[in-house]
Amino acid sequence: MKINPLAQELNQTLEGTAALRLLSAMGLRMFFPKGIVAQAAEAGEKAHRFNATVGIANEKPGIPIMLKAVQKEIPNLVPKDIVSYAPTSGDPELRKLWKEHIIHKNPKVKEDYISLPIVTSGLTSGLSQVADLFANPGDKIFLPEYFWGNYRLLFEGRAQAELVTYPLFSDEGIFNTKALKDSIKASGVKKAIVILNFPNNPTGYSPTEKEAESITSALTELAEDGIDILAVTDDAYFGLFYEEGIYTHSIFEKLCNAHPNILAVKADGPTKELYAWGFRTGFLTFGSPVLSKEQFTALEKKLGGSLRASISNSNRLAQTLVKKILTDPQMEKELEEWAQLLKSRYKKTKQILANMPLDCGLSPLPFNSGYFMSFKTKVDAEELRKALLAKGIGTISLGPSTLRVTFASIPEENLEELFLEIFKTAKELNI
């Protein structure tokens, strides 16, 4: 497999040392990407006006949203809930609570069709476990052309799998189910790993009810043709839906009951759902209409072994606090209040974009949910990002022609100033 130039540069730096000789094949492939994390760090130093880089929702600039259930509980916890080790697969009570949470949010999920969730140290850790357990070198990972950059490290860098992308949007501006299905059929594989991330990062798009049904039908038809499908639903931004007609459940709800040849895996957690980014707590849940309780347990044990061999266990305090949140009687009310705040920022963003100058060289991609929106740019997106950064504004460039903006992190009263500066700067570069 081709080694990324950034990895090659690091290897050259280590040339002649024991460190280089000791690196595994995976270690030789690893590198720190000049992507979102690096750009966000740069923005942390220079974006003194607005920082719309990292996926955090702020109440006010520099003050992340935090639920009262977290604030009020920390002084009252006993040591075993703070500093003791948690079981490798997670706090048993928390695992049961999260399963109830999944079914509550996705009422068509049948309890017997899903496993007991396993706790991971964040969604990234969970997806890494998925890659370790299911992705062999050369396996094909099917995902849309707009995807979270860390998938490349997780599945291509770590697992040596091959990313196969398809157009996210059809000519009508809706989810391109046909392209997904055609890409799998054209590959000729008998095993397909499909990643479905809604709301999508970086575009902020979620499918409608009709589109979700179409995706499920397409994968079911492929499964019926004898293809074994691992359907991974990355639900990091689940719950933040802003338009009528959006499918407001996880597509895991449909896939875990779709076909015997489909194994669904739900990767989720409190990171964005419960505004607890730094807790680094996530969950993996398996779904299938034919697996028995014993077979689900076997999968849980396999995952537990992988966790033991990597992270050992996840943060006890974070798990304790997530339990407190899930059992707090005010949780739903408070979550709805924050959701309305983010929806208001979304509506304001839509209003501003409706009056966007036609000559600025920017085209907003469809978005209806989550934290983000993205522009297709006529100018080089990295040049635009740097030009905005020089003006104290942090954004994220993704490839040569995509700029991501986190509207969720910017107070509503500042959104117009932010976007007008983006329009102005893009126009200056486009002249």
Exercise. Residues in the stretch 71-92: is at least one under 21 Å from the mean Cα position of the chain (by Cα) and not small (Gly, Ala, Ser)?
Worked result: no
For this session: Report whether or not residue 49 is in contact with a helix residue (DSSP H, G or I) (Cβ under 7 Å, 6 or more places away or on another chain), touching a residue at least 60 places away in the same chain (Cβ under 8 Å) and farther than 30 Å from residue 325 by Cβ.
Result: no
Exercise. Which condition breaks for residue 380 when tested against (1) in contact with a Ser or Thr (Cβ under 6 Å, 6 or more places away or on another chain); (2) charged (D, E, K, R); (3) closer than 20 Å to residue 38 by Cα?
Worked result: (1)
Problem set entry | Among residues of the stretch 8-41, those that are closer than 30 Å to residue 389 by Cα, without any contact (Cβ under 8 Å) to a residue 40 or more places away in the chain and either of a type in the set (A, V, I, L, M, F, W, C) or in contact with a His (Cβ under 7 Å, 6 or more places away or on another chain) (or both), counted | 5
Seminar exercise, completed: Matching residues in the stretch 217-254 (more than 18 Å from the chain's Cα centre (by Cα) and crowded, with 24+ Cβ neighbours inside 10 Å) number 2
Problem set entry | Test for residue 316: is it touching a Phe, Trp or Tyr at 6+ places or on another chain (Cβ under 8 Å) and not aromatic (Phe, Trp, Tyr) | yes
Seminar exercise, completed: For the stretch 6-48, the count of residues that are open to solvent by less than 60 Å² (accessible area, probe 1.4 Å), outside any helix (DSSP H, G or I), of a type in the set (Gly, Ala, Ser) and farther than 29 Å from residue 340 by Cα equals 1
For this session: Given the conditions (1) open to solvent by 30 Å² or more (accessible area, probe 1.4 Å); (2) hydrophobic (A, V, I, L, M, F, W, C); (3) modelled with pLDDT of 80 or more; (4) part of a helix (DSSP H, G or I), report the number of the one that residue 3 does not fulfil.
Result: (4)
Exercise. What number goes with the only condition from (1) closer than 23 Å to residue 277 by Cα; (2) touching a residue at least 60 places away in the same chain (Cβ under 8 Å); (3) within 18 Å of the chain's Cα centre (by Cα) that residue 157 does not pass?
Worked result: (1)
Seminar exercise, completed: Scanning the stretch 183-202 residue by residue, the ones that are farther than 17 Å from residue 366 by Cα and either part of a loop (DSSP other than H, G, I, E, B) or in contact (Cβ under 8 Å) with a residue 24 or more places away in the chain (or both) total 12
Exercise. Does residue 306 meet the test of being part of a loop (DSSP other than H, G, I, E, B) and either hydrophobic (A, V, I, L, M, F, W, C) or over 16 Å from residue 114 (Cβ atoms) (or both)?
Worked result: no
Seminar exercise, completed: Checked the stretch 257-279 for anything out of contact with any helix residue (DSSP H, G or I) (no Cβ under 7 Å at 6 or more places or on another chain), surrounded by fewer than 22 Cβ atoms within 10 Å (Cβ to Cβ) and farther than 15 Å from residue 112 by Cα; matches are 273, 278
For this session: Among the residues of the stretch 280-304, count how many are over 14 Å from residue 256 (Cα atoms) and open to solvent by less than 40 Å² (accessible area, probe 1.4 Å).
Result: 7
Problem set entry | Qualifying residue in the stretch 206-216 (condition: over 21 Å from residue 183 (Cβ atoms), within 17 Å of the chain's Cα centre (by Cα) and surrounded by fewer than 21 Cβ atoms within 10 Å (Cβ to Cβ)) | no
Problem set entry | residue 348 over 22 Å from the mean Cα position of the chain (by Cα), assigned to a helix (DSSP H, G or I) and closer than 27 Å to residue 77 by Cβ | no
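The values are calculated or read from the model by the stated rules, or taken from the named source; none is laboratory data. Source: prediction; values computed, not measured. When we count neighbours, we look across all protein chains shown, and the Cβ atoms used for this are built from the backbone with ideal geometry, even at glycine. To get the accessible areas, we keep the full protein, side chains included, count just its heavy atoms, and leave off ligands, DNA and RNA. Shrake-Rupley method; radii C 1.70, N 1.55, O 1.52, S 1.80 Å.
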